[in-house]
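Have a look at the structure below, then the notes.
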Amino acid sequence: MADLKGIAEAIIKGDRDTTAAKVEEAIKEKVPAEQILNEGLMAGMSVIGERFKKNEVYVPEVLIAARAMKAGMELLQPLLSEAGVEPVGRVVLGTVKGDLHDIGKNLVRMMLQGGGFEVIDCGIDVAADEYIEAIKKSGAKILAMSALLTTTMPQMAEVVKAVKEAGMDDIKTMIGGAPVTQAYADEIGADGYAADAASAVDAAKELSA
Ligand code: B1M
(Lines give C-alpha, C1' and ligand atoms only; values in the text may rest on other atoms or scores of the structure.)
Protein backbone atom coordinates (compact mmCIF):
# COMPACT_ATOMS: atom_id res chain seq x y z
CA MET A 1 0.00 0.00 0.00
CA ALA A 2 1.21 3.51 -0.82
CA ASP A 3 3.10 5.03 2.08
CA LEU A 4 2.29 8.76 2.03
CA LYS A 5 3.31 9.16 5.66
CA GLY A 6 6.61 7.53 4.73
CA ILE A 7 7.09 10.16 2.01
CA ALA A 8 6.57 12.94 4.58
CA GLU A 9 9.01 11.22 6.94
CA ALA A 10 11.62 10.85 4.18
CA ILE A 11 11.31 14.59 3.41
CA ILE A 12 11.74 15.44 7.10
CA LYS A 13 14.87 13.26 7.19
CA GLY A 14 16.06 14.82 3.93
CA ASP A 15 16.29 11.34 2.41
CA ARG A 16 16.12 12.01 -1.32
CA ASP A 17 16.31 8.39 -2.52
CA THR A 18 13.57 7.13 -0.20
CA THR A 19 11.37 10.10 -1.11
CA ALA A 20 11.74 9.35 -4.83
CA ALA A 21 11.24 5.58 -4.34
CA LYS A 22 8.08 6.06 -2.26
CA VAL A 23 6.65 8.65 -4.65
CA GLU A 24 7.26 6.23 -7.55
CA GLU A 25 5.54 3.46 -5.60
CA ALA A 26 2.51 5.67 -4.91
CA ILE A 27 2.32 6.69 -8.58
CA LYS A 28 2.41 3.00 -9.61
CA GLU A 29 -0.43 2.32 -7.17
CA LYS A 30 -2.43 5.06 -8.91
CA VAL A 31 -2.70 7.34 -5.88
CA PRO A 32 -3.81 10.72 -7.30
CA ALA A 33 -0.82 13.05 -7.80
CA GLU A 34 -2.50 15.80 -5.77
CA GLN A 35 -2.90 13.47 -2.80
CA ILE A 36 0.76 12.44 -2.98
CA LEU A 37 1.68 16.13 -3.06
CA ASN A 38 -0.57 17.19 -0.18
CA GLU A 39 -0.31 14.22 2.17
CA GLY A 40 3.30 13.30 1.34
CA LEU A 41 5.60 16.04 0.09
CA MET A 42 3.85 19.14 1.45
CA ALA A 43 3.07 17.47 4.76
CA GLY A 44 6.78 16.78 5.22
CA MET A 45 7.89 20.27 4.22
CA SER A 46 5.37 21.86 6.55
CA VAL A 47 6.84 19.94 9.51
CA ILE A 48 10.31 21.18 8.51
CA GLY A 49 8.90 24.73 8.24
CA GLU A 50 7.44 24.59 11.73
CA ARG A 51 10.67 23.18 13.21
CA PHE A 52 12.69 25.87 11.42
CA LYS A 53 10.45 28.59 12.89
CA LYS A 54 11.06 27.19 16.38
CA ASN A 55 14.83 26.92 15.77
CA GLU A 56 14.62 23.16 16.16
CA VAL A 57 16.28 22.73 12.75
CA TYR A 58 18.54 25.11 10.81
CA VAL A 59 19.32 26.15 7.23
CA PRO A 60 21.19 22.93 6.25
CA GLU A 61 18.25 20.70 7.28
CA VAL A 62 15.85 22.88 5.30
CA LEU A 63 18.09 22.72 2.23
CA ILE A 64 18.37 18.93 2.47
CA ALA A 65 14.60 18.54 2.93
CA ALA A 66 14.02 20.84 -0.06
CA ARG A 67 16.37 18.69 -2.14
CA ALA A 68 14.33 15.58 -1.23
CA MET A 69 11.13 17.47 -2.05
CA LYS A 70 12.58 18.41 -5.44
CA ALA A 71 13.29 14.74 -6.23
CA GLY A 72 9.65 13.90 -5.50
CA MET A 73 8.32 16.91 -7.39
CA GLU A 74 10.26 15.95 -10.52
CA LEU A 75 8.31 12.69 -10.64
CA LEU A 76 4.98 14.29 -9.77
CA GLN A 77 5.11 17.43 -11.92
CA PRO A 78 4.12 15.79 -15.25
CA LEU A 79 1.15 14.09 -13.58
CA LEU A 80 0.04 17.29 -11.85
CA SER A 81 0.17 19.16 -15.16
CA GLU A 82 -1.72 16.34 -16.90
CA ALA A 83 -4.42 16.42 -14.23
CA GLY A 84 -4.62 20.23 -14.53
CA VAL A 85 -3.86 20.69 -10.84
CA GLU A 86 -3.44 24.39 -10.18
CA PRO A 87 -0.84 25.64 -7.68
CA VAL A 88 -2.05 27.23 -4.42
CA GLY A 89 -0.93 30.53 -5.94
CA ARG A 90 1.81 32.12 -8.07
CA VAL A 91 4.50 34.28 -6.53
CA VAL A 92 7.09 36.47 -8.24
CA LEU A 93 10.15 36.54 -5.99
CA GLY A 94 13.49 38.30 -6.05
CA THR A 95 16.17 40.13 -4.11
CA VAL A 96 15.87 43.85 -4.75
CA LYS A 97 18.11 45.97 -6.97
CA GLY A 98 21.61 46.56 -5.65
CA ASP A 99 21.41 43.53 -3.34
CA LEU A 100 23.23 40.28 -4.14
CA HIS A 101 22.25 38.21 -1.09
CA ASP A 102 20.21 35.19 -2.10
CA ILE A 103 20.54 32.48 0.54
CA GLY A 104 17.47 33.63 2.49
CA LYS A 105 15.54 34.35 -0.71
CA ASN A 106 16.27 30.82 -1.96
CA LEU A 107 14.99 29.38 1.31
CA VAL A 108 11.82 31.41 0.92
CA ARG A 109 11.44 29.99 -2.61
CA MET A 110 11.89 26.42 -1.39
CA MET A 111 9.42 26.82 1.46
CA LEU A 112 6.86 28.46 -0.83
CA GLN A 113 7.25 25.61 -3.32
CA GLY A 114 6.93 23.17 -0.42
CA GLY A 115 3.69 24.94 0.47
CA GLY A 116 2.28 24.38 -3.02
CA PHE A 117 3.05 27.76 -4.60
CA GLU A 118 4.49 28.19 -8.07
CA VAL A 119 7.43 30.56 -7.75
CA ILE A 120 8.86 32.71 -10.51
CA ASP A 121 12.30 33.47 -9.15
CA CYS A 122 13.77 36.60 -10.75
CA GLY A 123 17.07 36.12 -8.88
CA ILE A 124 19.11 38.94 -7.35
CA ASP A 125 19.56 42.64 -8.14
CA VAL A 126 16.00 42.85 -9.48
CA ALA A 127 14.71 46.26 -10.60
CA ALA A 128 11.07 47.36 -10.34
CA ASP A 129 10.42 46.96 -14.07
CA GLU A 130 11.75 43.38 -14.01
CA TYR A 131 9.34 42.43 -11.22
CA ILE A 132 6.48 44.05 -13.11
CA GLU A 133 7.41 42.27 -16.34
CA ALA A 134 7.49 38.91 -14.49
CA ILE A 135 4.05 39.57 -12.98
CA LYS A 136 2.61 40.39 -16.39
CA LYS A 137 4.14 37.27 -17.96
CA SER A 138 3.15 34.83 -15.21
CA GLY A 139 -0.15 36.18 -13.96
CA ALA A 140 1.19 35.97 -10.39
CA LYS A 141 -0.84 37.79 -7.76
CA ILE A 142 1.89 38.06 -5.14
CA LEU A 143 5.16 39.93 -5.42
CA ALA A 144 7.72 38.92 -2.78
CA MET A 145 10.90 40.89 -2.18
CA SER A 146 13.97 40.14 -0.10
CA ALA A 147 16.62 42.64 1.08
CA LEU A 148 19.61 42.08 3.36
CA LEU A 149 21.12 45.54 3.31
CA THR A 150 19.78 48.63 5.00
CA THR A 151 20.93 50.51 1.89
CA THR A 152 18.73 48.42 -0.43
CA MET A 153 15.59 48.41 1.72
CA PRO A 154 14.36 51.66 0.12
CA GLN A 155 14.22 49.74 -3.18
CA MET A 156 11.26 47.86 -1.71
CA ALA A 157 9.40 51.15 -1.33
CA GLU A 158 10.27 51.99 -4.95
CA VAL A 159 8.83 48.69 -6.16
CA VAL A 160 5.63 49.03 -4.10
CA LYS A 161 5.21 52.51 -5.60
CA ALA A 162 5.92 51.26 -9.14
CA VAL A 163 3.34 48.47 -8.77
CA LYS A 164 0.73 51.04 -7.68
CA GLU A 165 1.67 53.39 -10.50
CA ALA A 166 1.34 50.53 -13.00
CA GLY A 167 -2.30 50.20 -11.84
CA MET A 168 -1.77 46.66 -10.58
CA ASP A 169 -4.25 47.02 -7.74
CA ASP A 170 -4.82 43.28 -7.43
CA ILE A 171 -1.14 42.55 -6.77
CA LYS A 172 -0.20 41.94 -3.14
CA THR A 173 3.33 42.80 -2.12
CA MET A 174 5.24 41.11 0.69
CA ILE A 175 8.71 41.76 2.03
CA GLY A 176 11.32 40.17 4.26
CA GLY A 177 15.03 39.91 5.02
CA ALA A 178 17.18 40.39 8.12
CA PRO A 179 16.89 44.20 8.44
CA VAL A 180 13.21 44.33 7.37
CA THR A 181 10.42 44.66 9.94
CA GLN A 182 6.64 44.72 10.07
CA ALA A 183 6.90 48.43 10.90
CA TYR A 184 8.84 49.00 7.69
CA ALA A 185 6.27 47.02 5.69
CA ASP A 186 3.54 49.24 7.15
CA GLU A 187 5.55 52.38 6.43
CA ILE A 188 6.00 51.61 2.71
CA GLY A 189 2.51 50.17 2.23
CA ALA A 190 3.54 46.55 1.59
CA ASP A 191 0.68 44.11 2.15
CA GLY A 192 2.66 41.49 4.02
CA TYR A 193 5.82 40.79 5.98
CA ALA A 194 7.48 37.60 7.20
CA ALA A 195 10.42 37.20 9.54
CA ASP A 196 11.53 33.82 8.20
CA ALA A 197 11.08 31.48 5.26
CA ALA A 198 8.44 29.30 6.92
CA SER A 199 6.37 32.33 7.98
CA ALA A 200 6.61 33.56 4.37
CA VAL A 201 4.37 30.62 3.41
CA ASP A 202 1.76 31.64 6.01
CA ALA A 203 1.93 35.26 4.82
CA ALA A 204 1.57 34.24 1.15
CA LYS A 205 -1.41 32.03 2.03
CA GLU A 206 -3.07 34.91 3.87
CA LEU A 207 -2.47 37.21 0.92
CA SER A 208 -3.95 34.72 -1.54
CA ALA A 209 -7.04 34.04 0.60
CO1 B1M B 1 26.68 40.40 3.23
N2 B1M B 1 26.08 41.62 4.61
N3 B1M B 1 27.43 41.92 2.21
N4 B1M B 1 27.34 39.07 1.99
N5 B1M B 1 26.19 39.11 4.49
C6 B1M B 1 25.29 41.04 5.70
C7 B1M B 1 23.82 41.07 5.36
C8 B1M B 1 25.69 41.98 6.92
C9 B1M B 1 24.64 42.03 8.02
C10 B1M B 1 27.08 41.53 7.45
C11 B1M B 1 27.57 42.43 8.58
O12 B1M B 1 28.07 43.48 8.33
N13 B1M B 1 27.42 41.99 9.80
C14 B1M B 1 25.93 43.34 6.19
C15 B1M B 1 24.70 44.24 6.05
C16 B1M B 1 24.75 45.42 6.99
C17 B1M B 1 23.57 46.28 6.82
O18 B1M B 1 23.14 46.60 5.76
N19 B1M B 1 22.98 46.62 7.94
C20 B1M B 1 26.44 42.86 4.85
C21 B1M B 1 27.22 43.65 3.97
C22 B1M B 1 27.60 45.03 4.48
C23 B1M B 1 27.66 43.20 2.71
C24 B1M B 1 28.50 43.96 1.67
C25 B1M B 1 28.15 45.43 1.48
C26 B1M B 1 29.97 43.75 2.10
C27 B1M B 1 30.97 44.52 1.25
O28 B1M B 1 31.15 44.17 0.12
N29 B1M B 1 31.52 45.53 1.88
C30 B1M B 1 28.26 43.14 0.39
C31 B1M B 1 27.05 43.67 -0.40
C32 B1M B 1 26.90 43.00 -1.72
C33 B1M B 1 25.57 43.37 -2.32
O34 B1M B 1 24.59 42.75 -1.97
N35 B1M B 1 25.56 44.38 -3.15
C36 B1M B 1 27.94 41.79 0.96
C37 B1M B 1 28.21 40.61 0.30
C38 B1M B 1 27.96 39.34 0.80
C39 B1M B 1 28.40 38.07 0.11
C40 B1M B 1 28.26 38.11 -1.41
C41 B1M B 1 29.84 37.80 0.48
C42 B1M B 1 27.49 36.99 0.83
C43 B1M B 1 26.16 36.70 0.11
C44 B1M B 1 26.19 35.40 -0.63
C45 B1M B 1 24.80 35.03 -1.13
O46 B1M B 1 23.78 35.41 -0.61
N47 B1M B 1 24.81 34.24 -2.18
C48 B1M B 1 27.15 37.72 2.12
C49 B1M B 1 26.66 37.07 3.28
C50 B1M B 1 26.60 35.55 3.23
C51 B1M B 1 26.22 37.78 4.43
C52 B1M B 1 25.81 37.23 5.81
C53 B1M B 1 27.09 36.72 6.49
C54 B1M B 1 24.79 36.09 5.81
C55 B1M B 1 23.51 36.38 5.06
C56 B1M B 1 22.72 35.10 4.94
O57 B1M B 1 22.73 34.44 3.92
N58 B1M B 1 22.08 34.66 6.05
C59 B1M B 1 25.18 38.50 6.50
C60 B1M B 1 25.50 38.57 7.99
C61 B1M B 1 24.54 37.75 8.81
O62 B1M B 1 23.34 37.74 8.54
N63 B1M B 1 25.07 37.10 9.78
C64 B1M B 1 25.66 39.60 5.64
C65 B1M B 1 21.37 33.39 6.12
C66 B1M B 1 19.97 33.53 5.55
C67 B1M B 1 19.24 32.20 5.66
O68 B1M B 1 19.29 34.49 6.33
O69 B1M B 1 19.13 36.10 4.39
O70 B1M B 1 18.38 36.76 6.75
P71 B1M B 1 18.52 35.74 5.70
O72 B1M B 1 17.09 35.16 5.36
C73 B1M B 1 16.18 34.74 6.35
C74 B1M B 1 15.22 35.84 6.79
O75 B1M B 1 15.76 37.13 6.73
C76 B1M B 1 14.02 35.64 5.92
O77 B1M B 1 14.00 34.24 5.68
C78 B1M B 1 15.32 33.70 5.67
C79 B1M B 1 15.29 32.36 6.35
O80 B1M B 1 14.63 32.38 7.54
N81 B1M B 1 13.87 36.28 4.63
C82 B1M B 1 12.63 36.55 4.14
C83 B1M B 1 14.77 36.65 3.72
N84 B1M B 1 14.15 37.16 2.64
C85 B1M B 1 12.83 37.10 2.87
C86 B1M B 1 11.74 37.48 2.09
C87 B1M B 1 10.45 37.27 2.61
C88 B1M B 1 10.28 36.74 3.87
C89 B1M B 1 11.35 36.36 4.64
O90 B1M B 1 9.33 37.60 1.97
C91 B1M B 1 9.42 38.02 0.63
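Assorted remarks:
- Fully extending the segment from Lys161 to Val59, taken as 0.36 nm per residue of separation minus the present Cα-Cα distance, adds 33.5 nm.
- Karplus-derived HN-Hα couplings along the stretch 88-98 (A = 6.51, B = -1.76, C = 1.60, θ = phi - 60°), whole Hz, x at Gly and Pro: 4, x, 10, 10, 8, 10, x, 8, 5, 3, x
- Taking amide H as placed 1.01 Å from N in the peptide plane, the amide H of Ile120 sits under 5 Å from that of Val91, Val92, Leu93, each at least 5 places away or on another chain.
- With every protein chain in place, the stretch 4-82: carbon and sulfur % of accessible area (1.4 Å): 53
- Residues whose amide H comes within less than 5 Å of that of Thr173, counting only those at least five positions distant or on another chain, are Leu143, Asp191, Gly192 (H built at 1.01 Å from N in the peptide plane).
- Derived scalar couplings between HN and Hα for the stretch 58-74 equal 10, 3, x, 5, 5, 5, 5, 5, 5, 5, 5, 4, 4, 4, x, 5, 4 Hz in order, rounded to whole Hz, by the Karplus curve 6.51 cos²θ - 1.76 cosθ + 1.60 (θ = phi - 60°), x for Gly and Pro.
- Note, ³J(HN,Hα) from phi for the stretch 183-200, Karplus 6.51, -1.76, 1.60, rounded to Hz, x at Gly and Pro: 4, 5, 4, 4, 4, 8, x, 6, 7, x, 9, 9, 7, 8, 5, 5, 5, 4
- Entry note, the chain: the mean residue ellipticity at 222 nm calculated from DSSP H runs of n ≥ 4, each adding -39500 (n - 2.57), is -17500 deg cm²/dmol after division by the residues and rounding to the nearest 500.
- Cross-link check: pairs Lys28/Lys70; Lys13/Lys53; Lys53/Lys97; Lys70/Lys172; Lys13/Lys141; Lys97/Lys164 evaluated at a Cα-Cα cut-off of 22 Å; pairs beyond the cut-off: Lys53/Lys97; Lys70/Lys172; Lys13/Lys141.
- Positive dipole terminus of the chain, leading residue within Val96, Leu4, Val160 (C-beta point charges): Leu4
- Cleavage-rule hits, trypsin sites (Lys or Arg not before Pro), the stretch 18-70, DSSP coil, Cβ neighbours within 10 Å at most 15: Lys30, Lys54
- Two-site FRET efficiency, Lys136 against Ser81, from Cβ-Cβ distance with R₀ of 25 Å, rounded to 0.05: 0.65
- The alpha carbons of the chain occupy a box of 53, 36, 26 Å along the principal axes, longest dimension given first.
The values are calculated or read from the model by the stated rules, or taken from the named source; none is laboratory data. Quantities reported herein were computed from a predicted structural model and do not represent experimental measurements. Quick reminder, even Gly has a Cβ in these numbers, built from the backbone with ideal geometry, and neighbours come from all protein chains shown. Please note that ligands, DNA and RNA were not included when accessible areas were found on the heavy atoms of the full protein model with its side chains. Shrake-Rupley method; radii C 1.70, N 1.55, O 1.52, S 1.80 Å.
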